[in-house]
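Below is one structure; the comments refer to it alone.
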Protein chains: 2
Amino acid sequence: MTVRGVSATIEDYLKAIYDLGESGVKTQSLADALSVSAASVSGMLKKLSDLNLISYEKYRGTSLTPAGRRIALETLRHHRLIETYLAEALGYPWHDVHDEAERLEHVISEDFERRIADVLGHPDFDPHGDPIPQLDGSLPNPGGRPLTELPLGQVAQLRRITDQRREVLLYLEEQGLRPGETVRVVSHEPFGGPVTVAYGGKQLALAEALAGSLYAEVTGSLDTTSESA
Amino acid sequence: MTVRGVSATIEDYLKAIYDLGESGVKTQSLADALSVSAASVSGMLKKLSDLNLISYEKYRGTSLTPAGRRIALETLRHHRLIETYLAEALGYPWHDVHDEAERLEHVISEDFERRIADVLGHPDFDPHGDPIPQLDGSLPNPGGRPLTELPLGQVAQLRRITDQRREVLLYLEEQGLRPGETVRVVSHEPFGGPVTVAYGGKQLALAEALAGSLYAEVTGSLDTTSESA
DNA sequence: CCCGAGAATTAGCCATGCCTAAACCTTAAC
DNA sequence: GTTAAGGTTTAGGCATGGCTAATTCTCGGG
């Protein structure tokens, strides 16, 4: 168990429920997210319900109680602060921070949390652009829209990548596509076709699903030239 | 379980066996060190023996095999590097690093270890003056002798405090007695009497047992004036 | 040499979380 | 409205690591 009186496993369940949505989280999606059998999830949901961390009606899905949400957000804050610290202070590449943070998040003290937040100047976002839950439980607004929803030719700044898979992040890194980059959507083929994005003098065609996990903020509202509209 | 294929519990047992001595470590001392019942220790010793991490004859005490020692040293290296990092990079006070390191040591990757070692310039000693096991398995020579064995009046530099108790470290810190300080033993009363040490313009009388856990290195071999010999 | 004290081990049990297999709901299609 | 499929829960186990109580061993003193 961790510093806060619940086990690391429980923290992982609450975190997973949190980012699977506001309510009606299904057993099977949790099982998938946690790489665990549905039966195990059922057992744990019973337990979390007894602990008043989730509300749960059998066969009906689950959602966090305020107490459960609080723990989920604290854990997420740990995770994202650690990711940021690993990148900023220890020079970790972007795509390597997740796994390390996944283990560290459960064992650091509040003191540790405070100290790295101080060193980092109380950041709002982690290296993937994900918002870091604040001490008061609020979430900074991440802003931006998925590349799939950006008008063609619109110049925008890449803000966030929500895909968590290491290989995907590694690929984007290799292609030089990371938060902060200025991008422009050149084309978006219909029927699930690829999204082509221009940035830093090159173009890249992305699967639509992947493009949907990249969020960019419109900067100057300047449209541009070339093979856009 | 940790990065290295054994559980955090096993790492703790091996670490405890390691610093309880070269051989013939007794069940009860392990139980005391780990705050666990002697029965639990017996069970675990059986298991560690099956894993070839210790050699163990029932009722005869135990000692580490090379494989066990390797894991103990790796864990200790983690622990002491983390302690050093917490103090140097995050401004932890001396007496707070132990508990935090105790949890972190089991979950950091080799990558993390390498990065903090780099940042710290591959130190030989942690904030308590304990030697940090090196990558090749060697231990830097800590040097120094216990204050109880220093000739009266001998000027020496405080190198190491082996007592692990937080309250004790806090006390020494409050008294300004920390590694690096120049000290001189003023008196040592017989029959377990206190050891009085002079440093930084003040004097302090320490219990003999405590004085025995403070190690100092003779610097200039100058004896001095005043109420010495 | 024997005996008792104290240390160590075994026996039997508990909690946590995981698993597979079997039973059970819910729902959508007919 | 019935039914079959699929998702969910229950039943029954396993591994880890802890506990207490009972047993067994070792060793020093007589």
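The values are calculated or read from the model by the stated rules, or taken from the named source; none is laboratory data. Note that the structure is a prediction, hence the values are computed from the model and not measured. Cβ sites come from the backbone with ideal geometry, for glycine too, and all protein chains shown count toward neighbours. Note: accessible area is taken over every heavy atom of the protein model, side chains too, but ligands, DNA and RNA are not part of it. Shrake-Rupley method; radii C 1.70, N 1.55, O 1.52, S 1.80 Å.
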Alpha-carbon centroids, the stretch A:3-59 and the stretch B:122-148: separation in whole Å:
45 Å
In the B-A interface, the accessible area buried, summed over both sides, Å² (probe 1.4 Å)
1500 Å²
Heavy-atom accessible surface of the protein assembly as shown: percent carbon and sulfur, 1.4 Å
51 percent
With the cut-off at 16 Å, report for the stretch A:86-160 the share of all Cα pairs above it, as a whole percent.
61 percent
Could you give, in nm with one decimal, how far residue A:23 is from each other copy of that position, shortest first, with labels 7 Å out from Cα toward Cβ?
7.0
Using alpha carbons only, what's the Rg to Rh ratio of the stretch A:8-67 with Rh from Kirkwood?
0.89
Accessible solvent surface per residue of the protein assembly as shown, calculated while the other protein chains remain in place, 1.4 angstrom probe, Å²:
48 Å²
Going by a 1.4 Å probe on protein heavy atoms, which residues of the stretch A:106-130 end up with at least 40 Å² less accessible surface in the whole assembly than in their chain alone?
A:107, A:112, A:115
Cα-based Kirkwood hydrodynamic radius, chain A, one decimal, Å
19.1 Å
Residue A:142 neighbourhood, Cβ < 14 Å, K/R = +1, D/E = -1, net charge -1
Among A:15, A:58, A:46, which one moves the most in a GNM of chain A with springs linking Cα atoms closer than 10 Å?
A:58
Rg/Rh for the protein assembly as shown: what does it come to with C-alpha atoms and Rh from Kirkwood?
1.08
Are any of the pairs B:26/B:47; A:15/A:47; A:15/A:202 more than 27 Å apart by Cα-Cα distance, and if so, which?
A:15/A:202
Sorted from shortest, what are the nm distances separating the label point of residue A:38 from equivalent points in the other copies, each placed 7 Å from Cα along Cα to C-beta?
5.2
How big is the stretch A:3-111 by Rg and Dmax over its Cα atoms, in Å?
14.6, 46
Could you compute how fast the stretch A:145-218 diffuses translationally, taking Rh as the Kirkwood radius over C-alpha pairs and applying Stokes-Einstein at 4 °C with viscosity 1.567 mPa s? Give it in µm² per second.
109 µm²/s
In the neighbourhood of residue A:75 defined by beta carbon distances under 13 Å, the net charge of the other residues (Lys, Arg +1; Asp, Glu -1) is -2
For the axis carrying chain B to chain A: nearest C-beta residue of B, whole Å
B:107, 3
Each residue of the stretch A:106-112 in order: what ³J(HN,Hα) in whole Hz does its phi give by Karplus 6.51 cos²θ - 1.76 cosθ + 1.60, θ = phi - 60°, with x for Gly and Pro?
8, 10, 7, 8, 5, 4, 4
Taking every pair of Cα atoms in the stretch A:99-229, average 1/r, invert it to obtain the Kirkwood radius, and report Rg/Rh to two decimals.
1.04
